[in-house]
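The values are calculated or read from the model by the stated rules, or taken from the named source; none is laboratory data. Model, not experiment: these values are computed from the prediction. A quick note on method: Cβ atoms are made from the backbone with ideal geometry, for glycine too, and the neighbour counts reach across all protein chains shown.
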Amino acid sequence: MDYFKALVSSFGLTDALDVAIVAFVIYQILGFVRETRAEQLAKGVLVILMAKVVAEWANLYTINWILGYVIDVGLIAVVIIFQPELRRGLEYIGRNKFLPQKQGKIDKSGIRSLISTLVETADGFSKERVGALMILERQTSLTDIAESGTYLHADVSTELLGNIFYEGAPLHDGAVIIRGGRLLSAGCVLPLTQNKNLSKDLGTRHRAGIGVSEVSDAIALIVSEETGIISIAVDGRLSRFLDLKNVEKSLTKLYLNSGVQETGNWKDALRNFLGKGGGNES
């Protein structure tokens, strides 16, 4: 009883802040676990920990030693398994207002003109059932992906995009990378998402769009060749069945803000790093 009285009497503002931060971090981690593929892994880890406790209690030395070794190795395995999520979180932290941006700049009028061109192009592709994958680079550099295609360094226009994605054209199967309002490269190969929870009717084009949004902060504008459905992938999430008004609204919100202003602060970075789930389809 005296111990608890002494503990309460010595509990100060700094201690309360310490507890609040730890509680917030634990809460966000639990949210992250529930929203991503980490949930099943967390259940497995919990079973192993419970088994180790039982082994220690029952003096099962060999089993206890094996489980301890499994836990040590498992920490490394977790880092490997969740490399995409960890990379995305660390990249987000690096994209705060304290660090200079190195990507191409574009003013508000230029962004609005670009968005208008992309919406008009997506509308035409949708009506003609032309498959397209257009990637808007934000603050994570996509130079390595751009190098997998053909550099163009051209102005973005409906006519140029139409020629690129015309069926039978040399570059139509890949993606185009748009940086700072300019068409940087075409025919690019994107990383495919490893998310197993996606709908089976999503083809390679959609999985590539989701994949690049998982490893970067890029925006993927996708037009289905089979159905003409327009979709947008960002932060590993896919929004489908978008009409032109929603496409314009989404691109304006996502690209205009990031293209003109510095993004986020350390609070947003921490919240995103701990709470962002990836790969869910909306």
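Residue 73: under 30 Å from residue 211 (Cα atoms) and modelled with pLDDT of 80 or more, yes or no? Against the criterion (under 30 Å from residue 211 (Cα atoms) and modelled with pLDDT of 80 or more), residue 73 qualifies.
Of the residues 4, 32, 24, the single one that is under 25 Å from residue 75 (Cβ atoms), assigned to a helix (DSSP H, G or I), aromatic (Phe, Trp, Tyr) and at pLDDT below 70 is 32.
This table checks each residue for (1) acidic (Asp, Glu); (2) buried (at least 17 other Cβ atoms within 10 Å of the Cβ); (3) outside any helix (DSSP H, G or I); (4) not assigned by TED's automatic domain parsing to the domain that holds residue 175.
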position	(1), (2), (3), (4)
196	no, no, yes, no
199	no, no, yes, no
202	no, yes, yes, no
208	no, yes, no, no
221	no, yes, yes, no
226	yes, no, yes, no
231	no, yes, yes, no
242	no, yes, yes, no
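Of all residues in segment 108-141, those that are assigned to a loop (DSSP other than H, G, I, E, B), in contact with a Ser or Thr (Cβ under 9 Å, 6 or more places away or on another chain) and of a type in the set (Val, Ile, Thr) total 1.
Taken as a whole, the condition of being among the polar types (S, T, N, Q), surrounded by fewer than 19 Cβ atoms within 10 Å (Cβ to Cβ) and part of a loop (DSSP other than H, G, I, E, B) applies to residue 148. Listed by first and then second residue, the pairs with beta-carbon distance under 8 Å, at least 6 apart or on different chains, first residue in segment 219-232 and touching a residue at least 40 places away in the same chain (Cβ under 8 Å) and under 23 Å from residue 180 (Cβ atoms), second part of a loop (DSSP other than H, G, I, E, B) and hydrophobic (A, V, I, L, M, F, W, C), are 223/130; 223/229.
Here segment 175-191 is the region considered, the condition is being modelled with pLDDT of 95 or more and in a loop (DSSP other than H, G, I, E, B), and the residue that is farthest from the chain's Cα centre (by Cα) is 189.
You will find that of 279, 259, the residue that is buried (at least 17 other Cβ atoms within 10 Å of the Cβ), within 28 Å of residue 203 (Cα to Cα) and at pLDDT below 90 is 279 and no other.
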